[in-house]
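Each reported figure results from applying straightforward, stated rules to the coordinates on display, with no laboratory input. Remember, predicted model here, so these are calculated numbers, not experimental data. Here the Cβ positions follow ideal geometry from the backbone for every residue, glycine too, while neighbour counts run over all protein chains shown.
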Amino acid sequence: MKDFPSILQLVQYVNETRHNRTKYLSYFAWKEGYVLGSTLLQTSFCDLCIRLHLDSTPNIIESIETWWKKDACEKVKQFVLS
């Protein structure tokens, strides 16, 4: 609403959008890349699978163990080593 100088102009825009299928559907384009938040039943592998399907760029992982542990929490590593 703040993008319009008056309520009348907002109403006119909404009516134009309502009758323009392309413009109307553009407001739902965000749903194509939307991923539902993780639940207690979802694992890290579920997240990996989702991301693999969303990302169309090729990516070769030589070592799954190195990739999996790459961004592990440094504080935990320091605590264990101390």
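Neighbours of Leu54 by Cβ distance under 14 Å: Lys/Arg scored +1, Asp/Glu scored -1, total -1.
Under 13 Å from the Cβ of Leu25, count the other residues' Cβ atoms, weight Lys and Arg +1, Asp and Glu -1, and hand me the total.
With Lys, Arg at +1 and Asp, Glu at -1, the neighbours total +3.
Computed extension length for Ser44-Arg18: 5.3 nm, one decimal, from 0.36 nm per residue of separation with the Cα-Cα distance subtracted. Going from the residue with the fewest nearby Cβ atoms within 10 Å to the one with the most, Thr43, Thr17 rank Thr43, Thr17.
Each of Ser6, Ser26 has some number of other Cβ atoms within 10 Å of its Cβ, and from fewest to most they run Ser6, Ser26.
Here the Karplus curve 6.51 cos²θ - 1.76 cosθ + 1.60, taken at θ = phi - 60°, turns the phi angles of the stretch 13-21 into couplings of 5, 4, 5, 4, 5, 4, 9, 10, 4 Hz, with x standing for Gly and Pro.
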